[in-house]
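The values are calculated or read from the model by the stated rules, or taken from the named source; none is laboratory data. No experiment lies behind these values; they were computed from the predicted model shown. Every residue, glycine among them, receives a Cβ derived from its backbone with ideal geometry; neighbour counts consider all protein chains shown.
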Amino acid sequence: MTASTPTPSQPGDQRAMRRIAVAGVAATTAEWLDFYVYTTAAALVLGPLFFPAQSAAVGTIAAFGTLAVGFLARPVGGIIAGHLGDRWGRRPTLVLAMVVMGTATTLIGLLPTHAAVGVLAPVLLVLLRLVQGLGVGAQWAGGALLLTEHAPVRLRGFYGSLGQLGACLGAALANGIFLILTVLLSDADFRAWGWRLPFLGGFVVVLFGMYVQRRIEETPVFLHLREANAAKAAPVRKPLVEVFRTHRKAVAQAAGAFLVGNAAFYVLSTGMVDYGSRVLALPRSTVLALVMCAGLVQVVALPFFGWLSDRVGRKKLFLVGTAAMAVWAWPLFLFADTGNRWLLGLGLVIAYVIHSSMYGPLAAMFVEMFPAEVRFSGASLGYQIASVVAGGFAPTIMATLVAVTGSSWSVSLYLSVLAVITFAAVCTITEVFRRDLFATGTGAVEETRPSNVRTH
């Protein structure tokens, strides 16, 4: 990369940064849409179709169990992607993840049910969910680094939050699609074939992957790192080995920091769909509409909190959000248990705003915790480990707690305990607000960057 080469990090190339932001949001939205189509379907229909011998509650728990299986594969996807992303580039790794996700999602839409092939149906469902987990496990860090490593330093939190926005838009769109289908189709038609339609749209993710590959430049941080490694004429350490050798603490801190945020999101977006329709006996369309509309508040809240973190720092904002979630977990279910749709909607809106105060600055905070040469591996591992421990099992744990205790207070306690663990983990993180992302090594925070790349 030469001094004459323009990059989106330069002040004069704001249009390129906007193009990267739009492509990043579109790509992550498409990928997460596929992932959340499954979570919504698990709450609504997969139980009776693939586990019909069970009671309604047990069938739902079994369906949520397949949801958790996908999360078990996410660290593996993160490890593979981390190696590829740190060695071969952020952009091609993101594209590969999107192709894997789109293919698996489309195939789920073509699966025979238990009525057609018996036990083979849930077996195939689990296998494809594992592949989905690999795809989304590889995706998050690629999208986060694509945005943050291109972004000007003083807007790093804002642009990083746009990748998080893709996850929330994907969840809202998944709920919206199923809402439309439940309104337009009879229950018999929805169970017979309507549920397949959102899965068959998985090929859209592959198309977005092609778009990203053709229109988006590799990040200037990775290009500089590649040139630096070539100039050393020495073999590059294996990123996964290096991150475990010198950055184990940072990986553990990142995983702990994401526990309550990840669990709360799946309780709100998936667990509440099941709880509202099955336990509270609200109309399925009503619960889907409430969750979707409440989730859309994050379209504004996430960029706002990302921008705010650029002013006040990531850690302080994260701690405030964690404490607020520990408290709000109790009124949220008190509101829900009234059976009043308006109170349920209000509770969800406030919960999503609180969640945004943690999720908005998350990408920038994780990116700033690791040096350039292991950033993809480190950030990805921290995120995906938390996804397994908290996110993947959250709907299953929620349904089980309600079934065992007969009350929602146990779910509130579950979220509060996770919030305490997250608060403790974040307290141990050293704030490296606005660190130089070109920095390498275990102790470097400031290091000379290429002369053509400026911060502003």
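Structure notes:
- Condition met for S387 (assigned to a helix (DSSP H, G or I), touching a Lys or Arg at 6+ places or on another chain (Cβ under 6 Å) and at negative phi): yes
- If you go through the stretch 370-389 and keep only what is among the aliphatic types (A, V, I, L, M) and buried (at least 24 other Cβ atoms within 10 Å of the Cβ), you end up with A372, V374, A379, L381, A386.
- Filter result for L165 (in a helix (DSSP H, G or I), in contact with a Lys or Arg (Cβ under 6 Å, 6 or more places away or on another chain) and among the hydrophobic types (A, V, I, L, M, F, W, C)): no
- Condition check for V349: free of Cβ contacts under 8 Å to residues at least 60 places away in the same chain and over 27 Å from G24 (Cα atoms): no
- Test: residue in the stretch 206-213 that is within 30 Å of G47 (Cα to Cα) and hydrophobic (A, V, I, L, M, F, W, C): yes
- Criterion violated by P331 - all others in (1) buried (at least 20 other Cβ atoms within 10 Å of the Cβ); (2) assigned to a helix (DSSP H, G or I) satisfied: (1)
- Test: P112 is buried (at least 20 other Cβ atoms within 10 Å of the Cβ), of a type outside the set (K, R) and farther than 25 Å from A27 by Cα: no
- Residue within the stretch 47-66 that is under 30 Å from S161 (Cβ atoms), of a type outside the set (S, T, Y) and surrounded by fewer than 22 Cβ atoms within 10 Å (Cβ to Cβ) present: no
- Lone qualifier among P11, P52, P48, P6 - being farther than 27 Å from V267 by Cα, at pLDDT below 85 and in contact with a helix residue (DSSP H, G or I) (Cβ under 7 Å, 6 or more places away or on another chain): P6
- With respect to the conditions (1) touching a residue at least 24 places away in the same chain (Cβ under 8 Å); (2) assigned to a helix (DSSP H, G or I); (3) surrounded by fewer than 24 Cβ atoms within 10 Å (Cβ to Cβ), N262 lacks only one, and its number is (3).
- Members of the stretch 390-411 found to be part of a helix (DSSP H, G or I) and either among the aromatic types (F, W, Y) or surrounded by fewer than 21 Cβ atoms within 10 Å (Cβ to Cβ) (or both), listed by number: T400, L401, A403, V404, T405, W409, S410
The rows are residues; the columns are (1) closer than 16 Å to L179 by Cβ; (2) in contact with an Asp or Glu (Cβ under 7 Å, 6 or more places away or on another chain); (3) assigned to a helix (DSSP H, G or I).
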| position | (1), (2), (3) |
| --- | --- |
| A250 | no, no, yes |
| V273 | yes, no, yes |
| V299 | no, no, yes |
| K315 | no, yes, yes |
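- Residues located in the stretch 364-384, provided they are part of a helix (DSSP H, G or I) and either farther than 12 Å from F438 by Cα or among the polar types (S, T, N, Q) (or both): A364, M365, F366, F376, S377, G378, A379, S380, L381, G382, Y383, Q384
- Y159 meets each of the listed conditions (1) touching a His at 6+ places or on another chain (Cβ under 8 Å); (2) within 21 Å of L197 (Cα to Cα); (3) buried (at least 21 other Cβ atoms within 10 Å of the Cβ) apart from (2).
- Single unsatisfied condition, T338 versus (1) at pLDDT 95 or above; (2) in a helix (DSSP H, G or I): (2)
- Every listed requirement among (1) modelled with pLDDT under 90; (2) over 24 Å from G271 (Cα atoms) is met by L107 save one, (1).
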